[in-house]
Structures are given as structure tokens and as C-alpha cells.
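*Asks:* The structure is given below, and queries will be raised subsequently.
Derivation of every value follows stated rules applied to the coordinates shown; laboratory data play no part. Only a predicted model underlies this, so the values are computations on that prediction, with no experimental measurement involved. No Cβ is skipped: glycine too gets one built from the backbone with ideal geometry, and neighbour counts run over all protein chains shown.
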Amino acid sequence: MKLADPILLAVGLVIAAALAWAAVTVARRRARSLAAAGVTAAGPGRSRGRTQAAGVWLTIAGLAVLAVAVAGPSATVPVSHASGTVILAVDVSGSMAATDVAPSRLGAAKQAALSFIGAQPDSVDIGVVAFSQGGLEASLPTADHATSSAAVRRLAVGGGTSLGSAILASLSAITHKTVTTVSNGAVPDIGYWPSATIVLMSDGQDETGATSGSTSPGAGAAAAVAQKAGVHIDTVGVGTAAGTTVEADGYHLFTALDAAVLRSISQTTGGTYHPASDASELDGIASSINTRLTVTRQPVPLAGAFIALALVLLAAGAVLTVIRTGRVV
């Protein structure tokens, strides 16, 4: 327990101690007077004296507790709350124009992203990264969720997909410095960011991947960087396994959800994969993705509790005094 003004406590306790000394002195004089008058220990005078003394001591105890309250006592308690940084990395590649999820993969992802933003408390900073062939930072992390929502609404389809670049761009937004992988395969140290989360929304089509169904080297290396930095990546699979065709530059291309790639990324970083093969599943994404919990120690004022206890003691002392003497003091 901490005190805002220990001097006030000291003054109050000195006053209470002085009153206690006075009460003891008066009690001794009374005892000598009763003994001189021949009042026995079990006599009515002794009984009334003990009752009155109890009232006095309760009053003094109330004053001592009130002195503690005046000193401004407080205690710190651990409180868990959602806080930190969330980066919404949204795939805007050509395959996200597919309509196997209504109104389109990108349209459904934008709706889910907006619902997610709306569900977050002000203590969570949200940034938006649109990624195609390379990450494009659309909005830095901010507590102004209206800015993040506006960035999501501006997203439009265009370009190819690089999941690794999307992760690195998201890490750059978190750390506020350029994050890259190194050619020798070593994982760079970008610091430790345990309160940061990346929510990656994509159909899993990765142009840097060697084969479908496996994490591409670029995505795997980028996920390793996030894992070392303590950043979880929650992936949201937007699309269906059955797939559909999209038109790009006059060609009709088949595209389907590659859940294995997205699942591998999330598992590498300790995150979770969320399948969303239809609009109803995407609507529930906001409630299924958990932001990181941060434990902070917050001061809790205790003056009110001490005042309440002091009032109880003072009231009890006053009642006993009135009952035996007919006077409050």
C-alpha cells in the first residue's frame, strides 16, 4: 500500500495517540475514584464505565482509520487488458477479385476487416497493409480507428501476391523501420514485440511459392522473423477450396484457397488459422481473433474503504456514548 501524503497520516496518528493517552488517564482516575467510593468490580458503576470506555476507544479507532484515509492510501493491482498493435495485412492481388465468396474475396475481406476494427478497444493501435507483389503500407498503426477503417475502404484489387513481403511490410509498420530477410538464411533480430499481432487476410496464392500447398521460402523466412520477434500472425483464409476463375489481362485463370500455406505461417508464429470460405464465416472473424493481452499494474485508491470503516467505528462509538451518558461527546 502506498500513501499520497504520509505527513497527514503522521499528524492524524499523533492526534489519535494523544486522545488514547487522555482516555487512559481519565480511565485510571475514574478507577481510583470508584475504588475510593467502594464500588466493586461487578457493580453498576464499573459496568457503565466499561461501556463508556468502549465508546471512547471505538471513536479513537475511527479517528485513526480516518487519518489513514486522509493520507490517500492506494494499492497497485495487475490488470489484464487488450492493448498493443494489430496490423491488418489484406491481400489485394488479382485472385482476390474471385467471386466464390460474395461479393468477392476482397469485398468480403474488407467487410471482415471493418468489423474487426469496430470490435477493438481504443487501447489497440491498428494499422493496415495492402499487399500484392511486395507490401504496400496503407496506414501506420494508430489509435484513431476511423483512419484505419478509411484505409480498408480504399483497398482495391491489383498486382500479384507475395506473402513474405506482406509479413515484412507488417513488421516494418510495427517496428517503424525497414525489415528485410538476409541472404545467408540467418534470422535478423528486430527486437521483441510481444504485444503485436498481424492479421493476414489472403487466399494463400503466393507467387513466390515453389509449389501449391507448401509455405514458400519467402513466406517461411518472413514468418521466422516474426516468430523471433514474438509477433503472432493470425491468418484468415478467404476463398473456397473448389475455387473459381478470374479474368486478368485477357486471360481466364483458375484460383482456389491454399489453406496449407496460411496454416503453416500461423503455426510458425504461434498464431491461429481461421478458415473463411463463405460470408457468414467471415462475419465471425472479428470475435474469433484474439488480440494480445497486456498485464499492467494500475493504482486503486483505498481512501473510500478507509472512510467507510472510519464512519462505522465513529458511529458505533457515538451510539455507545449516547446510550450510557445521553451525550454524543
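*Asks:* Compute the distance in nm between two label points, each set 7 Å from the Cα along the Cα-to-Cβ direction, one at residue 31 and one at residue 186.
*Replies:* Computed distance between label sites residue 31 and residue 186 equals 8.2 nm.
*Asks:* Let me ask something else. If you split all Cα-Cα distances of region 123-186 into 5 Å bins from zero, what percentages do you get per bin, shortest first?
*Replies:* All Cα pairs considered, the percentages come to 4, 19, 23, 23, 17, 8, 4, 2, 0.
*Asks:* Can you sort 252, 145 from fewest to most other Cβ atoms within 10 Å of each residue's own Cβ? Before the final figure, lay out the partial values.
*Replies:* Working: 252 8, 145 18.
Ascending Cβ contact count within 10 Å gives the list 252, 145.
*Asks:* Let me ask something else. Sort 58-65, 310-317 for me by packing, meaning the mean count of neighbouring Cβ atoms within 10 Å per residue, highest on top. Don't jump to the answer; show the numbers that get you there.
*Replies:* On the way: 58-65: 20.5, 310-317: 17.0.
With the highest mean Cβ count within 10 Å placed first, the list reads 58-65, 310-317.
*Asks:* Continuing with the same structure: Kindly state, to the nearest 0.05, the FRET efficiency for residue 22 paired with residue 2, given R0 = 41 Å and r defined as their beta-carbon distance. Can you show the working numbers first?
*Replies:* Working: r = 32 Å, r/R0 = 0.77.
Result of the calculation: an efficiency of 0.85.
*Asks:* Sorting 273, 251 on the 10 Å Cβ count, fewest up front, what's the list? Don't skip to the end; give the middle numbers.
*Replies:* Numbers: 273 20, 251 8.
Sorted ascending by nearby Cβ count, the order is 251, 273.
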